[in-house]
1. Going through the cross-link list B:LYS270/B:LYS316; A:LYS18/B:LYS127; B:LYS48/B:LYS72; B:LYS72/B:LYS254, which pairs have a Cα-Cα distance over 28 Å in this structure?
2. Over the stretch A:143-297, what is the relative contact order in whole percent, taking alpha-carbon pairs under 8 Å and six or more residues apart?
3. Tell me, what is the Rg over Rh of the stretch A:109-229, with Rh the Kirkwood radius over Cα pairs?
4. With axes computed from alpha carbons, what is the tilt in degrees of helix B:111-122 against the longest principal axis of chain B, rounded to the nearest 10 within 0 to 90?
5. Give me the inter-chain shielding for B:144-150: mean count of other chain Cβ atoms within 10 Å, whole number please.
6. Using packing as a proxy for protection, rank A:144-150, A:124-130 so that the peptide with the highest average count of other Cβ atoms within 10 Å comes first.
7. Just tell me how shielded B:103-113 is by partners: mean number of partner chain Cβ atoms within 10 Å of each residue's Cβ, no decimals.
8. What's the local net charge at B:PHE212, with K and R +1, D and E -1, over the other residues with C-beta under 11 Å away?
Amino acid sequence: MNAVEVNANPKRVKHDLKRQERALWLRRFFSNKWMVTGSIIIVLLLLLAILGPKLTPYDPYKMVVKERLEAPSAHHLLGTDNFGRDLLTRIIYGAKVSMWVGFASALLSSIIGLAIGLTASYFRYLDNILMRICDGLLAFPAILFAIALMAVLGAKTENVIIALTIVFSPEVARIVRSRALVVREETYIEAIRSQGASAARIIWKHIAPNTISPLLVKATFVFSEAVIVEATLSFLGAGVPAPDPSWGNILSDGKDVIYTGWWMTVFPAAFIILSVLGLNLLGDGLRDLIDPQSTSK
Amino acid sequence: MGQPLLEINNLQTHFNTERGRVTAVDGISFSVEKGEILGVVGESGCGKSVTAQSILRLFDEKYTASYDGEIKLQGEDLLKLSKANMEKIRGNEVSMIFQDPLSSLNPVFTIGFQLTETIRIHQKHTKQEAYQMAIELLRMTGIPSPEKRIDEYPHQLSGGMRQRVMIAMALACKPKLLIADEPTTALDVTIQAQILDLILELNEELGMAVVFITHDLGVVAEICTRVVVMYLGQVVEEANVEDLFTNPLHPYTKGLMKSIPQIEGNRSEKLNVIGGTVPALTDIPKGCRFATRCEYANDLCKEKAPDLQLHEGHHKVRCWHYADIARKEAVEHAIPTS
């Protein structure tokens, strides 16, 4: 009986199914309060980074000596820094840098890590070589390694991205590899092989999508770690170079005047904490959401 | 009969393990005629699945496995084919379905995606055409309302349904030979019967030959025309299904038959078992491989390995004493014990 109905209008049924599925995803998304919180924080920060520069009336580079180190007021919402620049504007421009550096290095290290991880897992003779190189890179503490790379590359925003990509790719590669090693032994890989699929098709079409969920989760954590490491580098003067604002170098400037201008330390730090918190909440939530086995709950 | 569809000659499959090279399949020969259902039976670890996977060369040949002998598909030796040509055989000429339907489908794709992909690996069709073909395949394998099911993910289907999807996938390119590696083991009995009926039906309709691997003699009796009994990587007996069930010759086959629980008669009687376990592949007996567990084994068996010899017709057996045993049993039957 059901089958007849379906034959009558298969398109509608399919449409309904899609809608049901979407509704299910949305419900699962909204049932995870922490993930919703994280998403809101990240969306707001992204909006701030993208739209903020157009909304603020101040120039982040223009120094007004008379107005230096003013406390937060209606005029300067978050006060001014030690050169009389509006702190909120500097933080907004800093958000742009931090979000861009975090996003770009998360994306790049995901792509590179995915490629390395899949290659290592499928071509066993490359496994040892690639993984030992990754081990070598992982042996360095992330920040120390990034500082060393920045010393070689020179202080520039793009170089920060390159350095962070080199630092984080091995971590992604390990996760992808370990997942791919499990997946390649699954019967469905053998089954598709027995259907005549080539190695490239198996790796990219069948193994890769199965590594996406841990990869995506890892990528959000890389994002948040990259925000921290970028801030640290800039704080130490090895990251985003001076006149350009970044949360890290605002903090660094702020530490010299911490007794007279607490706002220069508190606000950028709060933004760093907020963005990292948001990303981590999002990453945790994603992990629960994406797992195909947990659909039924 | 002419040329058989599949002819396996003296196939050996070796694996490199930490404890050295082991030969999991040691000198197997059998053939499959067009449209025939051949059963391969034996207990766990006797090399049934390895044989099946060797036919499609599914093992990693670079590191773990190597093959010897011949696997001729319509006269062409599969073991001599290049990697690319082998990929053209898989799924196209010879397909395989696996023991565990629950894990044989990729969880991240809809079954429709996986079916159309298989179709499009070997045949040039647009996505729409392949999609329609996939619906037809699902209908053919008896999945209700395939238009709806096709967009579902594997976890939304039951085990029986998934095995039907696997069969649909295996049939996508109308292969000449289907290798079914214990396709019903993971399913419950009613579903098992349905799947067996389906395989029989497809065998009749499409004239597709089937190599049916199982440890379940009941299933063999139901669907196979010929049977190969394997023990520890070798064929110990080969016969038509009637001959095997009415007149099993090898002590191992006899043991297997006796160990089927009987529903009639005295059920308080203990079930017959074959004592001991299959020896490890690293520790293969010198003489007859079954000698360690055989009640008829004597010094000859322990020293010298018997060959597969022709009994009569197509009935072959690998045992020194099968004729004596048969004679002795005939006498026992003639004089009732009470």
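1. Details: B:LYS270/B:LYS316 31 Å; A:LYS18/B:LYS127 19 Å; B:LYS48/B:LYS72 18 Å; B:LYS72/B:LYS254 31 Å.
Flagged as over cut-off: B:LYS270/B:LYS316; B:LYS72/B:LYS254.
2. Working: 141 pairs, mean separation 37.2, N = 155.
Once divided by the residue count of the stretch A:143-297, the mean separation gives 24 percent.
3. Working: Rg = 16.0 Å, Rh = 15.2 Å.
Across the stretch A:109-229, the Cα-based Rg/Rh ratio is 1.05.
4. 80
5. Working: counts 3, 8, 3, 8, 9, 1, 2.
Whole-number average of other-chain Cβ neighbours for B:144-150 is 5.
6. Working: A:144-150: 18.3, A:124-130: 12.7.
Ranked by mean Cβ neighbours within 10 Å, highest first: A:144-150, A:124-130.
7. Values: counts 6, 8, 5, 12, 8, 11, 5, 0, 0, 0, 1.
Mean shielding by partner chains, rounded to a whole number: 5.
8. Working: positive: B:LYS48, B:ARG226; negative: B:GLU36, B:ASP181, B:GLU182, B:ASP216, B:GLU222.
Neighbourhood net charge equals -3.
Values quoted throughout were computed directly from the atomic coordinates according to the rules given, and no laboratory measurement underlies them. From a predicted model like this one, the values you see are computed outputs, not experimental measurements. Heads up, the Cβs are rebuilt from the backbone with ideal geometry, glycines too, and the neighbour counts pull from every protein chain shown.
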